[in-house]
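The structure under discussion is supplied below as structure tokens; questions concerning it will follow.
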Amino acid sequence: MRIADITRPQRRIDKQQANVGVDMPPISLLEELLLLTLDDAGGEFDRVPELQLACGVAGAALMDLALRGRIDSDLTALWVVDATPTGDPVLDKALTLISAAPTREPVRIWMKRLAGQASALRTTAIEQLCARGILRPSEDRFVWGNDGRRYPIVEGQQRPEAKGRILSLLFNAEIPDATDVALTAIADACKVFDRILTPKELVRAAPRIRQIAALDLIGGDITRTAVELGKELKTAERSTVVAGLAGNIMEWFDFGVYGFFAEAVGKLFFPAHDPAVSLLASFGVFAAGFLARPLGGLFFGYIGDSRGRRTAVMASVVMMVIPTLLMALLPTYDQIGIVAPLLLILLRLMQGLAVGGEYTTSIVMLVESAQPSRRGRVGSFAPFGAIAGMLLGSGVGATLLATLSPEHAAAWGWRLAFLTGLLIGIVVYIVRRRLPPDETITALEGARKAPIRKVFRTQWRAMLQVIGLNTGHAVGFYLCFVYLPTWLKREHHMPSATALLLTSAALTVLLTSTLIAGALCDRIGRKPLMLTSFALLSVLTVPLFHLMIDGDAGRVLIAEALFAVMLAGVVGSSAALMVEAFPKHVRCSGLSVGYNLAQTAFGGTVPLVAVYLVAHSGNPVAPAYYLTAACILSFVTLAFMRQQPAP
């Protein structure tokens, strides 16, 4: 929820504030539920998962109507017993809808129906909170309007604020009133306590929460329905994980295939006998590798913030599938001349754009859809998919080379690999079409306006932090898994096949360790795990390079496996932490810009910097010092990065 979503002029709110206690209705259960989710320093009401909060909005409205004697329900249906307006615009809208129903309908139907209108109902409730003077707009967030978490004094009385009352109930043997019982029950059903309590506090308070919720006799059916709908989030989360994982596998599969067949494609499209084409190839590689990802992040970040995450990931798949098909069918240089390499560069540029937007937008989509206690685990599926795609692309390439003769593989075998990627892309598109749209983004006109300009104006510090955070990640990944095979071959004369096999084994370790790290950061925190990983990398990188200095395959495998485990602590935890660094309405844009700039500036240049350091220092271990410096920078950045609660 954002400032732009409160569309009524501030003059009207000021006028309403002057009338608090005169014509303002009592604060509603929905308003108090929203206040429960707001930080002490303010925020945007986006820290509780969207679907859970939608269930909470619907449930709170129905329970409040029940508390006020307007509706009643049983196991089969819900109905109106008193159609007199309450004076609250949200409750009266719900009451009107229920009154107009021709027949009695089950609680579940009304929960779903009101949850579909949760965005508009929530906007109205926040307008009411601003009108009361409890909240006030400030830049792109809402802050408390009465010197902290306080309600205004009405008729000489000041009601204790919701969070203070409920926390006091949870940790003391006080007797709750009916309103606090209902608020506790609906907050528990929608997992709000997972958001506002620490894990230790939640364990301690859980029995008391169940005890208070059991006292809810008026809204029992509503609470049970909210719990049932909450369980359906597990299924929605799994669908989102599959969609995000499949997309990353497909897009990085194509990049892996191209890298595996780069030599064969180069001979067909960039013949060495033509100097102009060779120069064109150099600029094309530069454009596709360095310029495409930040531009793609900017483009798809804008779509994700203005049109919804689903729209962005659907568009990125299309932008990846079309070039893949065309590359599989593209005529060679001998057939159409210089047009062939020009088209190839254009198609690679399109793929680079797609990857720049796909990865970061899928991270946002995964983390936002996950349960609060599973953000790290679910977010780690994004890098897991990227690594799996690279390994799958290399595996398909190796299988084709082993099956076909060298002549056939070079002539047309690489086209089969790209066609395989096309089939994967079609499956991904079908899977992603089933994703629900982001109702919060698509329903709110304010969220559509200039997210790029807003993110540079309001979130530049967060973007700089993401760049610093990803410096060690980018240098570490590209040095250990892209440059290292070349280093082993050039400095220690290790056969290329052996070096690639060892690197693939290390990538497999990274693949499994990433999911473990994602689950671990949910238990011990993002920052502790990442700080430990960066510290270990800073201390052990130089010794591990010395361990590999003689080119012994066993020592190289041990060193690369250790690098994989340490980097997994960063890769598996960083997805959730980076998403938490930005407010929802500019999250895709901010993350895409920061992440892709870091990957381009520090990751894509690693081979060039490493070769330069070795050549000019005469020390084959010189690249290790570069990685050490990058990890120290990331460690310092993370140490000063404010820990964010789970969104």
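Would you mind finding the one in F290, F300, F286 that is closer than 26 Å to V571 by Cα, modelled with pLDDT of 85 or more and either in a loop (DSSP other than H, G, I, E, B) or among the aromatic types (F, W, Y) (or both)?
F300
Let me ask another. Scan the stretch 127-153 residue by residue and report those that are among the acidic types (D, E), in contact (Cβ under 8 Å) with a residue 12 or more places away in the chain and either assigned to a loop (DSSP other than H, G, I, E, B) or open to solvent by 30 Å² or more (accessible area, probe 1.4 Å) (or both).
Matches in the stretch 127-153: E139, D140.
Among the residues of the stretch 286-303, write down those that are touching a Leu at 6+ places or on another chain (Cβ under 9 Å) and touching a residue at least 60 places away in the same chain (Cβ under 8 Å).
Scanning the stretch 286-303 gives A287, A288, L291, A292, R293, P294, L295, G296, G297, F300, G301.
Taking only the stretch 600-635 into account, find how many residues are open to solvent by 10 Å² or more (accessible area, probe 1.4 Å), in a helix (DSSP H, G or I) and of a type outside the set (A, V, I, L, M, F, W, C).
Of the residues in the stretch 600-635, 8 are open to solvent by 10 Å² or more (accessible area, probe 1.4 Å), in a helix (DSSP H, G or I) and of a type outside the set (A, V, I, L, M, F, W, C).
May I ask you to list the residues in the stretch 163-181 that are in a helix (DSSP H, G or I) and either open to solvent by 40 Å² or more (accessible area, probe 1.4 Å) or without any contact (Cβ under 8 Å) to a residue 24 or more places away in the chain (or both)?
Passing the criteria: G164, R165, L167, S168, A178, T179.
Please tell me if Y595 is among the hydroxyl-bearing types (S, T, Y), over 16 Å from F481 (Cβ atoms), modelled with pLDDT of 90 or more and open to solvent by 30 Å² or more (accessible area, probe 1.4 Å).
Spelling it out, it is not the case that Y595 is among the hydroxyl-bearing types (S, T, Y), over 16 Å from F481 (Cβ atoms), modelled with pLDDT of 90 or more and open to solvent by 30 Å² or more (accessible area, probe 1.4 Å).
Identify, by number, the condition in (1) at pLDDT 85 or above; (2) over 21 Å from G425 (Cβ atoms) that A328 doesn't meet.
(2)
Please go through (1) open to solvent by 30 Å² or more (accessible area, probe 1.4 Å); (2) at negative phi; (3) in contact (Cβ under 8 Å) with a residue 60 or more places away in the chain; (4) of a type outside the set (F, W, Y) for T124 and return the number of the only condition it doesn't satisfy.
(3)
Follow-up question, since we're still on this one. Test each condition in (1) among the charged types (D, E, K, R); (2) modelled with pLDDT under 85; (3) surrounded by fewer than 22 Cβ atoms within 10 Å (Cβ to Cβ) for D216 and report the one that comes out false.
Of (1) among the charged types (D, E, K, R); (2) modelled with pLDDT under 85; (3) surrounded by fewer than 22 Cβ atoms within 10 Å (Cβ to Cβ), only one is false for D216: (3).
Any residue in the stretch 603-614 that's of a type outside the set (G, A, S): show its pairings with residues that are assigned to a helix (DSSP H, G or I) and open to solvent by less than 30 Å² (accessible area, probe 1.4 Å) at Cβ separation under 7 Å, as long as the two are six or more apart or on different chains.
Qualifying pairs under 7 Å: V606/V475; V606/L479; V606/Y483; P607/Y483; L613/A622; L613/P623; V614/A622; V614/P623.
Only one residue in T361, T403 is within 27 Å of T512 (Cα to Cα), polar (S, T, N, Q) and out of contact with any Asp or Glu (no Cβ under 7 Å at 6 or more places or on another chain). Which one?
None of the other options fit; the residue is T361.
Take the conditions without any contact (Cβ under 8 Å) to a residue 60 or more places away in the chain, assigned to a helix (DSSP H, G or I), open to solvent by 60 Å² or more (accessible area, probe 1.4 Å) and of a type in the set (A, V, I, L, M, F, W, C) and apply them to V509. Does it pass?
Considered against the rule, which asks whether it is without any contact (Cβ under 8 Å) to a residue 60 or more places away in the chain, assigned to a helix (DSSP H, G or I), open to solvent by 60 Å² or more (accessible area, probe 1.4 Å) and of a type in the set (A, V, I, L, M, F, W, C), V509 comes out as no.
Something else now. So, in the stretch 472-488, how many residues would count as being under 19 Å from the mean Cα position of the chain (by Cα) and open to solvent by less than 10 Å² (accessible area, probe 1.4 Å)?
1
Answer yes if at least one residue in the stretch 233-242 is at pLDDT 65 or above, more than 18 Å from T332 (Cα to Cα) and basic (K, R), and no otherwise.
Checking the stretch 233-242: at least one residue is at pLDDT 65 or above, more than 18 Å from T332 (Cα to Cα) and basic (K, R).
In the stretch 400-436, which residue that is touching a helix residue (DSSP H, G or I) at 6+ places or on another chain (Cβ under 6 Å) and of a type in the set (K, R) is least open to solvent (accessible area, probe 1.4 Å)?
The residue in question is R432.
Sticking with this structure for a sec: Given the conditions (1) in a helix (DSSP H, G or I); (2) surrounded by fewer than 18 Cβ atoms within 10 Å (Cβ to Cβ), report the number of the one that F545 does not fulfil.
(2)
Can you pull out the residues in the stretch 102-112 that are touching a residue at least 40 places away in the same chain (Cβ under 8 Å) and among the charged types (D, E, K, R)?
R108, K112
It is to be established whether one or more residues within the stretch 390-399 are more than 29 Å from A519 (Cβ to Cβ), open to solvent by less than 10 Å² (accessible area, probe 1.4 Å) and assigned to a helix (DSSP H, G or I).
Yes.
A quick yes/no check of all residues on (1) polar (S, T, N, Q); (2) within 22 Å of A312 (Cα to Cα); (3) touching a Ser or Thr at 6+ places or on another chain (Cβ under 6 Å):
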| site | (1), (2), (3) |
| --- | --- |
| L349 | no, yes, no |
| G352 | no, yes, no |
| G357 | no, yes, yes |
| G385 | no, yes, no |
| G395 | no, no, no |
| P406 | no, no, no |
| A409 | no, no, no |
| F418 | no, no, yes |
| V427 | no, yes, no |
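The values are calculated or read from the model by the stated rules, or taken from the named source; none is laboratory data. The structure presented is a predicted model; accordingly, all values stated were derived computationally and were not measured. With ideal geometry, Cβ positions are generated from the backbone for all residues, glycine too; neighbour counts draw on all protein chains shown. Each accessible area value is taken on the protein alone, full model and side chains, heavy atoms only, with ligands, DNA and RNA left out. Shrake-Rupley method; radii C 1.70, N 1.55, O 1.52, S 1.80 Å.
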